[in-house]
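Since the structure comes first, as structure tokens, the remarks are kept for the end.
The values are calculated or read from the model by the stated rules, or taken from the named source; none is laboratory data. These numbers come from a predicted model, not from an experiment. Heads up, the Cβs are rebuilt from the backbone with ideal geometry, glycines too, and the neighbour counts pull from every protein chain shown. These accessible areas exclude ligands, DNA and RNA; they are computed on the full protein's heavy atoms, side chains included. Shrake-Rupley method; radii C 1.70, N 1.55, O 1.52, S 1.80 Å.
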Amino acid sequence: MLHAIRRLAAKPLYAALIGGVLLLGAAAPAPVTPQFEHWIDGTAATEPETQIQSIDADTFVIRQSVKTNFEAPFLYLIFGKDRALLIDSGAGGLKIRPAIDRLVDDWRAKHDNAKVLLIIAHSHGHGDHHAGDDEFRDRPDTDIVGLTPKDVAAYFHISDWPRDIARFDLGGRILDIIPTPGHEPAHIMVYDGRTRLLFSGDMLYPGRLYVPIDKFGEFRASADRLAAFAAKHPVRALLGAHIEMTTTPGQDYPMEAATHPLEHPLPLKPEAITILQHMAAKAGPAPVIDRAADFIVYPVPPRPAP
């Protein structure tokens, strides 16, 4: 398995102390959006099957090559003291476990070979986000969360799906699990208070936000729930599961594009939450395709029952 690893310089959100004096009353600068090196995008003659960049020593982003699957999804690995959460397991077309195992092994080697439980959860239940699950079924010290709302609610102790928001402890690192059905019934977002990042799956990313027409009410309610959460929690940026937009505002790639030249940056600014909420609210009973600069709300016919 070939893969590339890049380390991002840690960037504080703001300085609270200067010369040992706490500054009060001064406006804090806007949160710093994570900056990534160029992602593999299919435009080179060859590229590795996965590319890994780190946000910090405990937070990793894995991108699957578009040459292995046109979805080219992003996966996220978040470490606490004794548990690690992998959000999604890829779209297939490659073996994803070697890249994840290497990250876990490297992290353990830097922490006195500490035992860590790997939890594989999913932003949602579509196949391009759980195709790698079978690779991990015989892996020791591993939990794989199921794909239905009932499975997700049970694992994360969400008593009132989708209204409740769960707190999930990785060991000194608390994550908020936010139910956001609409795109898919078991969709969640994951908020990390340490980095102030919101891992937003397929509900909000630089691309086409597909919403079955008959689930648009659920999607709208999820947008409202997300906005209410963000009003009470500082969000540095949103990191979604794909990139389908170009650097030209409002312009996406053709569906199933084999290359992504001039790709939109992965992070979305927090303002995207408000924009999405407004777009969902104005859609009315007969939603139509609605383009914003950074994403497209894209109603689709109802999905057949599984």
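Testing Lys95 on (1) open to solvent by 40 Å² or more (accessible area, probe 1.4 Å); (2) under 24 Å from Gln64 (Cα atoms); (3) among the charged types (D, E, K, R); (4) without any contact (Cβ under 8 Å) to a residue 60 or more places away in the chain, one condition comes back false. Which one is that?
(4)
Mind listing whichever residues of the range 247-294 are touching a Pro at 6+ places or on another chain (Cβ under 8 Å) and buried (at least 17 other Cβ atoms within 10 Å of the Cβ)?
His264, Pro265, Leu266, Pro267, Leu268, Pro270, Ala283, Pro287, Asp294
Among the listed residues Pro285, Pro261, Pro249, which satisfies the condition of being over 19 Å from the mean Cα position of the chain (by Cα) and either under 24 Å from Asp128 (Cα atoms) or in a helix (DSSP H, G or I) (or both)?
None of the others qualify; the one that does is Pro261.
If you check Asp88 against the conditions, is it at pLDDT 95 or above, acidic (Asp, Glu) and open to solvent by 30 Å² or more (accessible area, probe 1.4 Å)?
Numbers: at pLDDT 95 or above: yes; acidic (Asp, Glu): yes; open to solvent by 30 Å² or more (accessible area, probe 1.4 Å): no.
The answer is no for Asp88.
Every residue in the range 150-176 that is in a helix (DSSP H, G or I), crowded, with 19+ Cβ neighbours inside 10 Å and over 18 Å from the mean Cα position of the chain (by Cα), please.
Ala153
List the pairs whose first member sits in the range 257-276 and is of a type in the set (Ser, Thr, Tyr), whose second member is open to solvent by 70 Å² or more (accessible area, probe 1.4 Å), and whose Cβ atoms are under 8 Å apart, counting only residues at least 6 apart or on separate chains?
Thr259/Thr43
Where the second residue is among the polar types (S, T, N, Q) and surrounded by fewer than 21 Cβ atoms within 10 Å (Cβ to Cβ) and the first is more than 25 Å from Lys81 (Cβ to Cβ) and free of Cβ contacts under 8 Å to residues at least 12 places away in the same chain and lies in the range 118-142, which pairs have Cβ atoms under 9 Å and are six or more apart or on separate chains?
Every condition considered, no pair remains.
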